[in-house]
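Written out below as structure tokens is the structure these notes cover.
The values are calculated or read from the model by the stated rules, or taken from the named source; none is laboratory data. The shown structure was predicted, so the numbers you read here are calculated from the model rather than taken from an experiment. Note that each Cβ is placed from the backbone with ideal geometry, even for glycine, and that neighbours are counted across all protein chains shown.
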Amino acid sequence: MTTVNSFKFGSIVLDGKKYSRDVFLYPDGGIRKRKGGFWKFGSHAIKREEIEELVNTAPDILIVGTGTDGAAKLNPDAGAFLKGSEVESVVVPSQEAVERFNELSSQGKRPAALIHITC
């Protein structure tokens, strides 16, 4: 299982490796960088497709980290999809998200997460 070693504005360290992009964390321990388009960091608008991808991994809980100041938001269709899914979820600022992710992982749970690393 993946461990978040540290998080600060603009970077996240996962299993000792530093990432300077938003990341997807999968219940099986997989990690994928979020596509950022023109910008290095992912959009502040979290899309349904991104949430759907994580829900489809059948996590025990889905955690969405909305950035250091909570500026990232679920698009309305992403929020509706998440509400309609049977997966427990939490949408919180990224510092809280990484703490919850580590806590749940250490308890043997299988969380999935999308962590926004900027504002």
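Can you find a residue that is within 13 Å of the chain's Cα centre (by Cα), in a loop (DSSP other than H, G, I, E, B), modelled with pLDDT under 95 and crowded, with 16+ Cβ neighbours inside 10 Å anywhere in segment 12-21?
Yes, the conditions are met somewhere in segment 12-21.
Identify, from the list A97, A71, A78, the residue that is surrounded by fewer than 16 Cβ atoms within 10 Å (Cβ to Cβ) and in contact (Cβ under 8 Å) with a residue 24 or more places away in the chain.
From the options A97, A71, A78, the qualifying one is A71.
Residue check, N56 against (1) exposed (fewer than 14 other Cβ atoms within 10 Å of the Cβ); (2) closer than 24 Å to K18 by Cα; (3) of a type in the set (S, T, N, Q), all met but one. Which one?
Looking at each condition in turn, N56 falls short on (2).
Give segment 86-105 a look and list any residue that's assigned to a helix (DSSP H, G or I) and charged (D, E, K, R), or say none.
Answer for segment 86-105, where residues must be assigned to a helix (DSSP H, G or I) and charged (D, E, K, R): E96, E99, R100, E103.
Within segment 106-119, work out how many residues are surrounded by fewer than 18 Cβ atoms within 10 Å (Cβ to Cβ), at pLDDT 95 or above and not in a helix (DSSP H, G or I).
Matching residues across segment 106-119 total 4.
I31 fails exactly one of the following numbered conditions: (1) within 13 Å of the chain's Cα centre (by Cα); (2) touching a residue at least 60 places away in the same chain (Cβ under 8 Å). What is the number of that condition?
Answer for I31: the failing condition is (2).
What is the number of the single condition among (1) closer than 24 Å to S20 by Cβ; (2) in contact with a helix residue (DSSP H, G or I) (Cβ under 7 Å, 6 or more places away or on another chain) that V87 does not meet?
Tallying (1) closer than 24 Å to S20 by Cβ; (2) in contact with a helix residue (DSSP H, G or I) (Cβ under 7 Å, 6 or more places away or on another chain), V87 fails exactly one: (1).
Mind checking whether some residue in segment 33-44 is exposed (fewer than 13 other Cβ atoms within 10 Å of the Cβ) and within 26 Å of G108 (Cα to Cα)?
yes
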